[in-house]
Every structure is written in C-alpha cells, then in structure tokens.
1. Determine whether Pro412 is under 30 Å from Ser467 (Cβ atoms) and in contact with a helix residue (DSSP H, G or I) (Cβ under 9 Å, 6 or more places away or on another chain).
2. Restricting attention to region 407-466, which residues are on the phi > 0 side of the Ramachandran plot, open to solvent by 30 Å² or more (accessible area, probe 1.4 Å) and touching a residue at least 24 places away in the same chain (Cβ under 8 Å)?
3. If you scan region 368-396, which residues turn out to be of a type in the set (Gly, Ala, Ser) and crowded, with 21+ Cβ neighbours inside 10 Å?
4. Do we find that Asn101 is farther than 25 Å from Ser480 by Cα, in contact (Cβ under 8 Å) with a residue 40 or more places away in the chain, touching a Phe, Trp or Tyr at 6+ places or on another chain (Cβ under 6 Å) and surrounded by 15 or more Cβ atoms within 10 Å (Cβ to Cβ) in this structure?
5. Could you pull out the residue among Ser152, Ser77 that is in contact with a strand residue (DSSP E or B) (Cβ under 8 Å, 6 or more places away or on another chain) and surrounded by 20 or more Cβ atoms within 10 Å (Cβ to Cβ)?
6. Being at pLDDT 80 or above, open to solvent by less than 70 Å² (accessible area, probe 1.4 Å) and of a type outside the set (Gly, Ala, Ser) is the filter here, so list the residues in region 11-32 that pass it.
7. Please find, among Asp461, Asp483, the residue that is touching a Cys at 6+ places or on another chain (Cβ under 8 Å) and either part of a loop (DSSP other than H, G, I, E, B) or not small (Gly, Ala, Ser) (or both).
8. Please work out which one of (1) modelled with pLDDT under 95; (2) in a loop (DSSP other than H, G, I, E, B) is the condition Asp408 fails and give its number.
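The values are calculated or read from the model by the stated rules, or taken from the named source; none is laboratory data. The model shown is predicted, which means the values in this text are computed figures rather than measured ones. Cβ: placed from backbone, ideal geometry, glycine included. Neighbour counts: every protein chain shown. Ligands, DNA and RNA are excluded from the accessible area calculation, which covers all protein heavy atoms including side chains. Shrake-Rupley method; radii C 1.70, N 1.55, O 1.52, S 1.80 Å.
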Amino acid sequence: MMDSSVSILASLTPYILVSAFLLYLLLEQLSYIRKKGNLPGPLFVPPIIGNAISVVRDPTSFWYKQSALAGNSPGLSANYLVGKFIVYIRDTELSHQIFTNVRPDAFHFVGHPFGKKLFGDHNFIYMFGDDHKSVRRQIAPNFTPKALSTYSSLMQLIILRHLRLWEESCNGGPVSLRNLVRDLNLETSQTVFVGPYLDEEDKDRFRTDYNIFNLGTMTLPFDLPGSAFREARMAVKRLASILAVCAGKSKARMAAGEEPTCLIDFWMQPIVAEAASGNPPPPHSRDEEIGGFLFDFLFAAQDASTSSLLWAVTQLESKPDVLRRVREEVGKIWSPESDELITVDQLAEMKYTLNVAREVVRYRPPATMVPHVAAEDFPLTKTYTVPKGTIVFPSVFDSSFQGFTEPDRFDPDRFSETRKEDQVFKRNFLAFGWGSHQCVGQRYALNHLVLFIAMFSTLLDFKRVRSDGCDEIVYCPTISPKDGCTVSLSRRVAAYPELSLN
C-alpha cells in the first residue's frame, strides 16, 4: 500500500512542481499589478527577471521610455527588474521628496540597484544619522583650500602628461577619447587619493579590477560563480583591501609628522593627532572601513569625471563661440610659456570656464539617476504610496531640463552673475545630489573639470570626427557620447609647458 502511495506521489510530483511554479508566476504578476496601481508602465512583465534584459541590452532606450511614460503627470512610471519593483521619478519636486527623506524608516540611498551586494560591507553611502555625520566630519579636511590646492597641482601634471601622449600618439588621425579619458581619470584618482602608497604592481592590479567592476555594473545581477556580477563583487573586495593598506601606510606617515601629499593624508592626519593626544579613535576609522569609504569616493569620482570630460570636449567643439571665450579667458590668466602651474587664485578667476563646467554637468549629468530603496511604505503623492522594498529612481537628468531657461540649449551664461540660474532654479540642479547625501566632493570635481577644459582648450586644437548618432547617449555606466568622442588632435602651442611641483 505504501509503495503504491509513493508511486502515485512520484508520478504527481512533476505536476505539483509545475503547478507551484505557475502559481508563483501568477502571484508575481498580481504583486506587480497591485504595486503598480494607477502608475503608467507595462501591464504585464516577463517572469522572474522582468525587463532586465531590456535595460542591460539598451539602457538608453529603456530609461527614455520610462521617462516618456512618466510624462509631466503624474511624473512617475513603473517597471520590474529581477524580482524588484521599480518606480521611475521624472518630476523634480517628487525627487526632492526622496532626497529629503533619506532615513532608516523612509528611503535608503543605494547608488546602484543592487549596490549593497556589489559594494560590500563598509560603505559611506549607506550610512544614516550620527554615523553618517561622524564620517562627513572626518572627511571635511579632505576639501579645505590647502587640500584642494594640493590636488589641483597633481591634477595638472597628470592632465598635461596625458594630453601630450594623446596628441603625439594619434599622429593627427582620429582617436576615440573614452578610454584615454578613463585612463587619465584613473591615474588622477590613484594619485590624488592615495598618492605615494600605490606601487606599480598595485596600480596595474587596480586598473584591471576597476575595469572588471565597471563591466559588472552593467550586467544582470546574478551572483553566481563565474558571472560578471560575481567577478565585479570580488574585484571591489580586492580594491577596498588595497585602499585599506594605503590608509594604514598613511597613518604611519602622518604619525611620523610628515606633511600631507594626497587626500588620504589629509583624512588621516587629524585621526592620528587624536590618537596621539590619548583620545580614542573616532568611529569608522579602522583601515578596513577607510578602504571601503575610499572606494565609494573613487567610484563617484572616476566614472562621473570621465563622462563630464567627454561631454565637455563635444560641446566645446560644437560651440565655437564658447571655445573662443574659454581660450580668451584662460589666455588672460595663464600662459603655457610660463612653465608654471595654474594657481588656486588663477583658477578662481576663470569664472566663464567654471560656468562652462557647470553647464556641462547640468546638460549631461554623469549619473542620470540616483537609486534609493523604500524601507517602508511611503506616501509620495495624494494618490500613490511607494510600497516597501521598491527601488525608486529619481531622475537627475530630467530635472536638469525642467525650470531652466531654454533647457535644451547648451548655455554657460545661465550661470553668470547676472542670470544666476543655479540659484533661481537650484532645486532643478541636482547633479551633485541634495540633502544629507549631497556630494562632498563637488568642488573637487568642478576644479578638475575646469582645469581640464582650460588646459585642453589652450594646448590643443581638436576637430570632432562625426558619424551617424555620434552624440547619442550611451551608458558605460555613466553616460557618454555613442562614438566615445572621436576627435583629431594637434598641438596649438609652440611647446608644451614644463610643469613641476614647487
């Protein structure tokens, strides 16, 4: 009798499993429909992975469609990605509701839809309250005028060396700048952040692992052995470990009384001073934690800066009047023939060039969206409550084209002293975030962009090699021109300056 029952159960098992699977798919669809409510979005979504293949295959089209669905009213749209219900936010004021409610019982900043799994345990971006304030206080010395002046000098030496290499290696022929700019920025980040603490072997490993990480951010988030996502997660661990070792070396050097020469030194100097005075170390100042935080900063700086530098070149080349005014302003302030670095005071005089940099960031914000996850149900509008667990995507890109005068026009004068659109429409200028998680390094980022624009425009003549769709936006993972900004380069000065640190 028992054998018969077992036999019957065995014969029914495939039907039971199929029925359970079909029930799961039905419940998944019903859950999506319930969470979607009255929001525009697909009526049904592919099971389990949702529309993840669409977003990986062509992220530009996917997010354009989400924006178009959101429209001006209600300013929201829905979709489903790998088991996660998502809400896209086009409306600026609704985005502000997310940014101003980053707290344990509302929204958590995640930086990437699957960021907590990807970035590891020690992350500044996931902190709240006193922990977040404590770390922000610790990193304040990183962005003092003295620190920024040190970084400015390092940036210029690296920019000059790479510009020379670009011009000499292309022999007047066309060259795509995307990978060249990425290499420039990686060297800048390594040098400015941890300067003397990386040897050549570490730098090579760093370069390899960062590329692995980049690839992983653009793939399906399946954390399986051999998957690109798993490889990226392991690369982050290795990178954070290298940076943790750098933190320890910096502490030892600062304890010996030496002067800071890079960002980690400015960070560690007051921490070491606290310990020397007999006080306990501040929270979150262990080497392992510092390594994780440093990776967060590097991730924020590296790819965002690559995007901005590429778009700066495209706009300067396509706007001859803007390029002429930049060259005239820089020429009155700094001469390559002086063989001297641009000083912080001279940088402050480059007001129009700074406005160009700001407009580049507004017109093409590098990180077009800032994902957060809802910790609890949150009433976002009178008619829609964001369900717990939803990943929301406030669109910085869409906000940049709301409010501003002729927002589709590249117009650096909107930031002039007379028009002051950065103040009039400051709620729409969200490229550096808003609220408690606003970017701490925005002055650093703008200084780097201004220095690049000034030196690139002064030292080189350049002509874009245009092709069909070359200005279309692609994600990699921040946005860049589809053609990688392909240009021909030639030197426009008699000789490159011979710059050195004083």
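1. yes
2. Of everything in region 407-466, just one residue is on the phi > 0 side of the Ramachandran plot, open to solvent by 30 Å² or more (accessible area, probe 1.4 Å) and touching a residue at least 24 places away in the same chain (Cβ under 8 Å), namely Gly435.
3. Hits for region 368-396 are Ala374, Ser395.
4. The answer is yes for Asn101.
5. It is Ser77.
6. Leu25, Glu28, Gln29, Tyr32
7. Matching residue, one of Asp461, Asp483: Asp483.
8. The single condition Asp408 does not satisfy is (1).
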